[in-house]
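The values are calculated or read from the model by the stated rules, or taken from the named source; none is laboratory data. Bear in mind that the values here come from a model prediction, so they are computed numbers and not experimental data. All Cβ positions, even for glycine, are placed from backbone atoms using ideal geometry, and neighbour counts span all protein chains on display.
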Amino acid sequence: MNELKPLGIYIHIPFCRSKCQYCDFYSIGGSRDPRLVDNYIQALMVHFKETGPRAADYLVDTVYFGGGTPSFFGADNLRRIFAELQHRFRVDRDAEITFEANPDSVSSGLLKKLRAEGFNRMSLGVQSDRDEMLKKLGRPHSYEQARTAVQLARACGFENISVDLMYGLPDQTAAQWEETLRHVLHLRPEHMSCYGLKVEEGTPLWTWKDEANLPSDQVQAEMYLRTVDILEAAGYRQYEISNFAKPGFESRHNLKYWMGDEYIGFGPAAASDFAGKRYTYNADIQNYIRGVLKQDLPILSECETIPARERAGEYVMLRLRTTRGISPEEYEKNYLMPFEPLLDAIVPLAQKGLFVQDGDRWVLTPTGFLVSNQIIGRLQEAQEKSEPLAKKR
Amino acid sequence: MTELSKIRNFSIVAHIDHGKSTLADRLLEETNTVDKREMEEQILDNMELERERGITIKARAVKLNYRADDGEDYVLNLIDTPGHVDFNYEVSRSLTACEGAVLVVDASQGIEAQTLANTYLAIDAGLEVLPVVNKIDLPAARPEEVKKEIEDIIGLPAMDAPEISAKNGINIHSVLEMIVRDVPAPKGDREAPLQALIFDSQYDSYRGVIVYMRVMNGTVRPGMDVKMMASGAVYKVVECGYLHPKGMVPADALGAGEVGYLTASIKTIADTRVGDTVTGAENPASEPLPGYKSCQPMVYAGVYPADGSKYGDLRDALEKLKLNDASMYYTQENSIALGFGFRCGFLGLLHMEIIMERLEREFNLDLITTAPNVVYEIDKTDGSHIEVYTPLNYPDPMEIAQAYEPYVKASIIAPPDYVGNIMDLCQFRRGEFKDMSYLDQSRVELHYEIPLNEIIYDFFDALKSRTRGYGSLDYELIGYRPSKLVKLDILLNGEMVDALSFILFADEAYARARRICEKLKENIPRQMFEIPVQAAIGGKIIARETIKALRKDVLAKCYGGDITRKKKLLEKQKEGKKRMRTFGTVSVPSEAFMAVLKMDE
């Protein structure tokens, strides 16, 4: 028998207690209509059954319940889905099983059930340690609730807890942000994601962004660089632009996105990169349910086969998000393209302190991460002009 | 051929937006030249660009058949005119082809600058000017006051002027009757040697150049050998005829007083210059019609493809445009910063903008245009004399014995209230006051001698804003005068970008250099590093600005669903970069090259 290939599975849970001001993920805020929930679970199960056979020679080593708010969706519902998933896919015994949670929907009952079912990682949306800020952002919980949630999770046996935070918030100063970080460090999470707030068109925040008194780019850049320093000093290694972990606690699932590994997503708005294709489902739960159950509607919003040359571009774009960076050997071997044009672009940037060499790998420095869109653009430009190695010879 | 007494040749003059094109449409409808169903909006403005800018760039003409209230059939030839100082010469030629002009004035706006400028051109050409008050159906219409304005400011009797609405077709008939009644019939001798005035021409890939003309004397027929008196070119007429909005209608002959076209397998538009006289090759007229000017480009600018590999496409596009525009000139040029491109000559800045837009639109090119300049002359220390068309060829200061710059005689007409403002402006632009005279109570004409360089950029705009739009400008080259000139170089990140260099009057160098550095700072987006922007004369830095480094351009989140989005974002970023040129590590958007000449505060 051939060796099984690794696979990540993402399941989107598009239900929330309420919509946050800044959020542009697909989810439905408000009550959980029992019939809708039931139909949705039904659709996921049918979808698993259909897809399972196509992943016969894969071993699922990460599962991620994202949202939305999976904790709000409820332990029993999550358990039902996960049980069916294990039935239809080969899930590794040591798989990383993550669920996202918000402090207002975490209880010891929920945590115990999930832990017993095999869930082993919780990603908790904390965002801020200041209640007035949480309120302004439309988050339905207090910081105290967040602290309690972390303690409960520990008590219920979770040894891998991640906390999400945001900086660059309305009225926020650099000093306030540092204080937030120090408070959260007391909770001793294994993993932290720190995201710069991005005001997305179509969100409620967009309509009041001009009055929001958001920190300037200069201040946000400072906040970011301080984050890297403070977390580094506290024993968290930066492994991606916005992600930090104690050694060994990097999110294995999320790393798949940046390493170019394969994953399948289920649910509306979920994305997959599987068997050479990248595809996304429509951000519409009704469409998803009907499309899967009745099969009379297409549910794909996008689907593309990625040619090798484009994969080379993605390698640069995604790997440079991580502290593994890019390696000439890996690049030339996998994409049969010369690394030299990239190197010509990298060297002057390294002289300016934006790149650093780690063995044979090139990695962006924190200052480099801050302008990574520019850098990626420049490298891809160099890449486009280069000829494949085969042609050169 | 129509009897002379039954022909009326006229044009319509108006300020932009006062309804010239709409009135033209209504006249075509009212005379059944085009029926309503076929009426394409504003048929006379048939270039896409013209319609958007609301100005007529190239003249066209159309023949209308009209049975007047007196029961007689008349032929009315409507000749359209462009409306900008860059094209003053073309306007004057079109007007010379007419005996009358219908002056359209907006009933609520009253008289405005162009109304005046074009009316004076019409009066100078000896035309009967017939006012019409338009847009009388608007709530703000004040026809009586506007008529009084016409009488007071222009001095034309206007009390009986038709009150119309071109848009809603009100009183169009009275305009036609007025034309028949008040526009003088053309004069001319159909047996005399041929003299036909070219007021426009157009290149057609099947028939060669189509010449639009007004026959002043004599008769032209197919098969006849004709000579262009200025260019000397001789051709056999293939076809002649009348102009209809939907195409050309061939005729056996065109006689004195008539307006129409001829084709003669003419391969280059340069042979059929606007203002030239067509005469018979065998029995030529003793002299050409007066008023011909060979029109020379006044300003030159470097034109480069934003993407260097599109050089060939740009060359092909220029070749094609040149077929249709004799006033444009181009020659190959090579810049260190921008690579291969062309130095192009234009009548003025508007002409340049139009050509650039046509190149970008009709030929789908992304272009970088360098700051325009006039032609300078230089006596070199080695005794030679050169003409400098581009800053790229400006000699080293050590080799210059004396530099010269072109001067124009500018004639400015405006109401007396604005004389002070005009004098301030002209003095600031190094103008030398010559004289001033009252044309009548309501308008003054000032003459200045001004360096052409001071006129070409934004002088006309500045004049309009200082005279509330009433000032009009005309100018002609009077020759070269000694001047103190320097070449200003721009350095980005310490490296000179030759395409940003330009020549200017030495005393202005410091102020301009500072301003240009500021402008570049505004126009070049922040990049990963700090970029010093410096201006230098002969290696000496005289101004400096710094473009601060970009602090943050990062996507905070990039998970499964974000990857496609992020890729699209990078694509967009790449598209944006296509309009930029990279020098060393600095990306410069194409607009920055033009921004350096916008001096307005």
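Tabulated values for the structure
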{"item": "Qualifying residues in region A:190-226 (those that are in contact (Cβ under 8 Å) with a residue 60 or more places away in the chain and more than 14 Å from A:TYR22 (Cα to Cα)) - the one nearest to the other protein chains (Cβ to nearest Cβ)", "result": "A:ALA221"}
{"item": "Test for A:PRO204: is it farther than 27 Å from A:GLN238 by Cβ and either surrounded by fewer than 18 Cβ atoms within 10 Å (Cβ to Cβ) or touching a Cys at 6+ places or on another chain (Cβ under 8 Å) (or both)", "result": "yes"}
{"item": "Residues of region A:37-68 classified as closer than 23 Å to A:CYS16 by Cα, out of contact with any helix residue (DSSP H, G or I) (no Cβ under 7 Å at 6 or more places or on another chain) and assigned to a helix (DSSP H, G or I), total", "result": "1"}
{"item": "Any pair with Cβ under 8 angstrom, 6 or more apart, that starts in region A:140-153 at a residue that is of a type in the set (A, V, I, L, M, F, W, C) and ends at one that is part of a helix (DSSP H, G or I)", "result": "A:ALA146/A:PRO103; A:ALA149/A:PRO103; A:LEU152/A:SER108; A:LEU152/A:LEU111; A:ALA153/A:LEU111"}
{"item": "Any hit, region B:525-541, residues being of a type in the set (Gly, Ala, Ser), within 14 Å of another protein chain (Cβ to nearest Cβ) and surrounded by fewer than 17 Cβ atoms within 10 Å (Cβ to Cβ)", "result": "no"}
{"item": "Enumeration of residues in region A:75-94 that are within 18 Å of A:LEU111 (Cα to Cα), in contact with a strand residue (DSSP E or B) (Cβ under 9 Å, 6 or more places away or on another chain) and without any contact (Cβ under 8 Å) to a residue 40 or more places away in the chain", "result": "A:PHE82"}
{"item": "Any hit, region B:235-256, residues being more than 29 Å from B:GLU29 (Cβ to Cβ), touching a His at 6+ places or on another chain (Cβ under 9 Å) and touching a residue at least 24 places away in the same chain (Cβ under 8 Å)", "result": "no"}
{"item": "Residues of region A:342-393 that turn out to be within 12 Å of chain B (Cβ to nearest Cβ), farther than 14 Å from A:LEU320 by Cα and among the basic types (Lys, Arg), as a count", "result": "2"}
{"item": "Subset of region B:566-581 (residues that are without any contact (Cβ under 8 Å) to a residue 12 or more places away in the chain and facing chain A (nearest Cβ under 9 Å))", "result": "B:LYS566, B:LYS567, B:LEU570, B:GLN573, B:LYS574, B:LYS577"}
{"item": "Residue list for region B:581-596, filter: part of a loop (DSSP other than H, G, I, E, B) and not aliphatic (A, V, I, L, M)", "result": "B:GLY584, B:THR585, B:SER590"}
{"item": "B:GLY260 being part of a loop (DSSP other than H, G, I, E, B) and either β-branched (Val, Ile, Thr) or modelled with pLDDT of 90 or more (or both)", "result": "no"}
{"item": "Filter result (part of a loop (DSSP other than H, G, I, E, B) and either over 19 Å from B:GLY241 (Cβ atoms) or modelled with pLDDT under 90 (or both)) within region B:3-32", "result": "B:HIS15, B:ILE16, B:ASP17, B:HIS18, B:GLY19, B:THR31, B:ASN32"}
{"item": "Extreme residue, nearest to A:SER372 (Cα to Cα), among residues of region B:545-565 that are facing chain A (nearest Cβ under 7 Å) and charged (D, E, K, R)", "result": "B:ASP553"}
{"item": "Filter pass, A:TYR263 being surrounded by 18 or more Cβ atoms within 10 Å (Cβ to Cβ) and either facing another protein chain (nearest Cβ under 10 Å) or free of Cβ contacts under 8 Å to residues at least 40 places away in the same chain (or both)", "result": "yes"}
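Conditions (1) hydrophobic (A, V, I, L, M, F, W, C); (2) facing chain B (nearest Cβ under 10 Å); (3) within 30 Å of A:ARG32 (Cβ to Cβ), marked per residue:
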site: A:ALA269; (1), (2), (3): yes, yes, yes
site: A:PHE274; (1), (2), (3): yes, no, yes
site: A:GLY313; (1), (2), (3): no, yes, no
site: A:PRO328; (1), (2), (3): no, no, no
